[in-house]
Structures are given as C-alpha cells and as structure tokens.
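Data block below; observations after.
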Amino acid sequence: MIWNPNKECMSRDEMSALQGKRLHKIVEYVYHNVPFYRHKLQEMDLTPDDIRTIDDIVKLPFTTKKDLRDNYPFGLQAAPQSEIIRIHASSGTTGNPTIVGYTRKDIGVWSECMARCLTAYGVGRDDIFSVSYGYGLFTGGLGAHNGVEMVGASVVPASTGNTEKHAKLIRDLGITGIACTPSYALYLAETMEQIGITKDQIKLRVGAFGAEPWTEKMREEIEERLGLKGFNLYGLSEIMGPSVSYECQEQNGSHINEDHFYPEIINPVTLEPLPKGQPGELVFTTLTKEGMPVLRYRTRDLCSLMPGECGCGRTSVRMTPITGRSDDMLIIRGINVFPSQVESVVLSMPEFAPRYLLVVDRINNLDTLEVQVELRQEYFTATFDTPAAIDQLKKRLSDKLRSVLSISAKVQLKAPNAIERSQGKSVRVIDLRNQK
Ligand code: DLL
C-alpha cells in the first residue's frame, strides 16, 4: 500500500521538474520575506531568477544551526505570525533552542508525510497505535500523532513516562503499533518482563523507531523481545520533525519525501556536493514549507543517498541509516571516535545489554575515555561472584575497543539496570572536558 502514489512513485524527470519549480518558488518567497536570506543572496550576487532548475541549488548558501540560533526566536520565520498555528522548539545542548513555527498548510504537509511513513510500515484503519514519543515542544509526539489520525488508525497518545501503565494498556487494548525511540522500546520490553507481561499476551506488530541512531543488532533485539517488525523513521525539527524519511517493507534504506525535502550529500570539510552513493553530510532544503523554510540546512548527520530503484514501487530516493554526526564525533587524544563504534563492539558481545555510556575527561592534560556498559541479567547472575570471569570479560571488551577505536579505553562493567534510562533520546556521552 502506498499513501500517495502520485507523489511517491513519480518518474525521475517529473520529480526533478517539480523540485525545480518548487525551489524557484521557495527562493523567491524567502527572498521577499526573510531579510537573513535576502542579504545572503545579495552578498552572493544572486536573485531568485538565477534559481530555475533543481541543479541550480548548488549556487545557494548553506544554513546552519548557528544561523537559527543567532536569529532566535523568529528571525528566520517567513510567514506572518497570524498564519502560524503551531510552534515547536528543539532543545540544544548549548545556547538558544531552535524555534520552528508551522502554518496550517505546513501541518497538513507534515501529517501527509507521516501518513506516507505509516502506510509504508503497513499501518491502517484497523490498527490501534500508541505514540510514545514525548508530546510537547519536541516534534516526535504531535508529529506522529497527526499522521496516525490521518491514516485513520486509533491513536493512543501515551507519550513517555508511566511505562508500567503503558505496558498494561498495550496488553489490555490490544495495541498493534507503537512509535517511540529504539531505546524506549527496549525499556518498555524490560518493564513488561519485570511486571510479567509476556509476548503472547500482546498484539504489537509494527514499531516506528527513530529520533536517535540505532543499529541492525538493536532492531533484532527489539523485534525479538516485543514480537514486532521495527521500521526506521527519520526527521529533524529544523526541517519538519518525524517523517522526513521512512523505511518501506523492503527495509533497504529510508525513502525521503523528496517532493517536500530536497536532499544533498556534501563533504563536511570542503562543503563540496558529493555524487549519489558517496557518504557525507546530509543537507536538506524545504521545498514547500511556509512557516520557516530553510535553504540547504546542514543536518550534521552522516549517511549516503542510495542509487537505484526500490522493489516496493516507490521511486523516491533512499538514504542509508545515519552512521554518526559530523559534530558528535569525539576527538580523544587526537583520534576521531564515534559513539556508534563503541555500540557496535558492545552489541557484538552477547554478555552485554545494549546500554552503554562514554565518559570523556581530561586528567593531567591527557584525554581519558571510560566506557561503562551493563551486563545482561543472565550473565550477571552466573558470574557476579566469580571475579576472575569478570576480569577476563573486561579485558576482552577493552581489547576489542582498542582495536576498533585505535585508542585504549577504561572499561567499567555495570550491574543490570545500573545505567540511567532515558524516556526520550538516550544520553550516550558525557564529556567532562567541556566543563573544565
Ligand atoms: O528527533 C524528530 C524525530 C522524532 C524523528 C521522532 C524521528 C522520530 P530533533 O530532536 O530535531 O528531531 O533531532 C534530529 O535526531 O538530526 C538525527 O541526528 C537524529 N535522528 C532522528 N531520527 C533518526 C533516525 C527529531 N531514524 C536529529 N536515525 C537528527 C538516526 C536520527 N538518527
């Protein structure tokens, strides 16, 4: 099933023509309504008439998170306040949050994009669907909610928190689908096990997981423990929220709603556009947004665009899973380290739960890395009174980490449930160097 075959299955030529037309229109719109963009274009000696086809996009300036922060709160808003019907804010780790206003049309586009995702996952009118992303300033809750209503399933706005009650509702209402972060899905599975709800008592069959990076190993674990099929859901507040891209039943990359969000991949150092298939930083231009359109927004997410057609019949371009961010890369003793590398090591060892934390510090001018990781319950029970086995496991983990990261890390094994759970995005890194 495809929600909008007219748009999701266009020929390449039709899609490029539509994108070119929309790009010209959006550039004209921001030129006249957002002084920030008008000045940028004027500095580059550009007018909207220079942007006629989608290939002209490379002439346009990039927009960064810093630009959004510097223009806090409404500097990049293009529509008059009277047209804005919703405002979300994305939390930053530092500085001002990013404020994003949506017009009625924007909310309609967003709902349709989310409906496309859910349809691709196989969600329909007969489903009872729990939205367990946070409702509030975060785009996850309300964004997914509108899409579920649009496809006509029954939405259960569970949000996060009160996980035991949620688990019981999943059983008692016969909830068939859930949208949440992959880490929350694991937390939910743990909670169910603790309160004695078994897989055969629940009807979950579809999960829409995103808002944070996750791996195939995590997918397998969630699917096994909750008895459902897990699909990727990608998005970011600056562009729309959840629904920028989604997996179909083929699960071979995530289809981008490219009639609304035009993707490019650039080299994050030289800012040169890269050919399709090469990995780099993902950049998006919103082609239809009225509230806060953005030109060539640098997401900092690292992935590649996939060439070729998909077996599902959709022709929209696909992106690979996000492998990291060009800015969450840690530099430890001069070596680039991605938390996802640690995750791959942790998940490759059956003794560990997929719960880990990187603590980076600087002691006597030397960077240190400590990796905390939780033991699985069965392994913990079997070994906690045999220190030799624990020491051996610690050594195996640190050897593996050294060979993958090219630096040594101190390893701290934790008892099951000792690492603090998050109900939203999980915190994977604590960098104490920033506080010194
Ligand atoms: O996380 C929107 C969202 C909500 C997406 C619910 C999916 C589901 P932000 O808080 O602005 O928006 O964070 C956006 O989260 O740039 C990525 O780094 C990361 N991210 C989002 N989805 C995925 C995903 C929402 N499926 C940032 N895989 C993005 C990997 C993801 N990373």
Check cross-link reach from residue 21 to the aspartates and glutamates: straight Cα distance under 16 Å, and skip same-chain residues fewer than eight apart.
13, 49, 50, 55, 56, 258, 259, 290
Might you report the magnitude of the Cβ-based charge dipole of segment 330-435 about its Cα centre, with Lys and Arg at +1 and Asp and Glu at -1, to the nearest 20 debye?
220
If you stretched the chain out fully between residue 271 and residue 199, how much longer would it get, using 0.36 nm times the residue separation minus the C-alpha to C-alpha distance?
21.1 nm
At 7 Å along the Cα-to-beta-carbon direction for both residue 4 and residue 385, put a label point, then send me their distance in nm to one decimal.
6.3
What fraction of the DSSP beta bridges in the chain is antiparallel, stated in percent and rounded to the nearest 5?
65
Can you give the relative contact order of segment 1-322 as a percent, counting alpha carbon pairs under 8 Å and 6+ residues apart?
18
Can you give the relative contact order of segment 136-294 as a percent, counting alpha carbon pairs under 8 Å and 6+ residues apart?
15
Just want the answer: with Cβ charges of +1 for Lys and Arg and -1 for Asp and Glu, which residue in 344, 329, 368 is farthest toward the dipole's positive end in segment 328-428?
329
Between residue 137 and residue 422, what is the spin-label point distance in nm, taking each point 7 Å from the Cα along the Cα→C-beta axis?
1.5
The chain: Rg/Rh from Cα coordinates, Kirkwood Rh?
0.98
Listed residues 148, 269, 411; largest mean-square fluctuation, Gaussian network over the chain with Cα springs below 10 Å, found at 269
Spatial separation of Cα centroids for segment 253-277 and segment 158-223, in angstrom:
32
Share of antiparallel DSSP beta bridges in segment 330-435, in percent to the nearest 5?
60
Whole-percent carbon and sulfur share, accessible surface of the chain, 1.4 Å:
51
In debye to the nearest 20, how big a dipole does the chain give about its Cα centre with +1 on each Lys and Arg Cβ and -1 on each Asp and Glu Cβ?
540
Kindly report, to the nearest 10 Å², the accessible surface of residue 314 as traced by a 1.4 Å probe over protein heavy atoms only.
10
Between the modelled labels at residue 66 and residue 278 (7 Å from Cα along Cα→Cβ) the distance in nm is 2.4
Just the ratio, please: alpha-carbon radius of gyration of segment 215-272 over 2.2 N^0.38 Å, N its number of residues.
1.41
Cysteines not pairable in the chain (beta carbon separation under 4.7 Å absent):
9, 113, 117, 180, 303, 310
Would you mind checking the tilt of helix 387-405 against the longest principal axis of the Cα atoms of the chain, expressed as 0 to 90 degrees and rounded to 10?
30
Residue-averaged 222 nm ellipticity for the chain, from DSSP H runs of 4+ at -39500 (n - 2.57), nearest 500
-10000 deg cm²/dmol
Using a 1.4 angstrom probe with every protein chain in place, what is the largest-first accessible-area order of 250, 290, 43?
43, 250, 290
Could you pull out every residue, at least 5 positions away or on a different chain, whose amide H is within less than 5 Å of the one on residue 332? Hs are placed 1.01 Å off N in the peptide plane, and Pro or chain starts have none.
337
Per residue, how much accessible surface does the chain expose to a 1.4 Å probe? Answer in Å², no decimals.
44
Between residue 83 and residue 149, take the C-beta separation as r, use R0 = 30 Å, and let me know the FRET efficiency to the nearest 0.05.
0.85
Among 172, 13, 67, determine the one that fluctuates most according to a GNM of the chain built with springs between C-alpha atoms less than 10 Å apart.
13
List the lysines whose Cα sits under 23 Å from the Cα of residue 394, skipping any in the same chain fewer than 8 residues away.
217, 410, 414
Candidates 215, 270, 315; GNM for the chain (alpha-carbon contacts under 10 Å) flags as most fluctuating 270
Keeping all protein chains in the complex and leaving out DNA, RNA and ligands, what accessible area do you get for residue 39 with a 1.4 Å probe, in Å² to the nearest 10?
100
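The values are calculated or read from the model by the stated rules, or taken from the named source; none is laboratory data. This one's a predicted model, so the numbers in the text were calculated from it and none came from an experiment. Here the Cβ is made from the backbone with ideal geometry for all residues, glycine too, and neighbour counts use every protein chain on show. Only protein heavy atoms, including side chains, enter the accessible area calculation; ligands, DNA and RNA are left aside. Shrake-Rupley method; radii C 1.70, N 1.55, O 1.52, S 1.80 Å.
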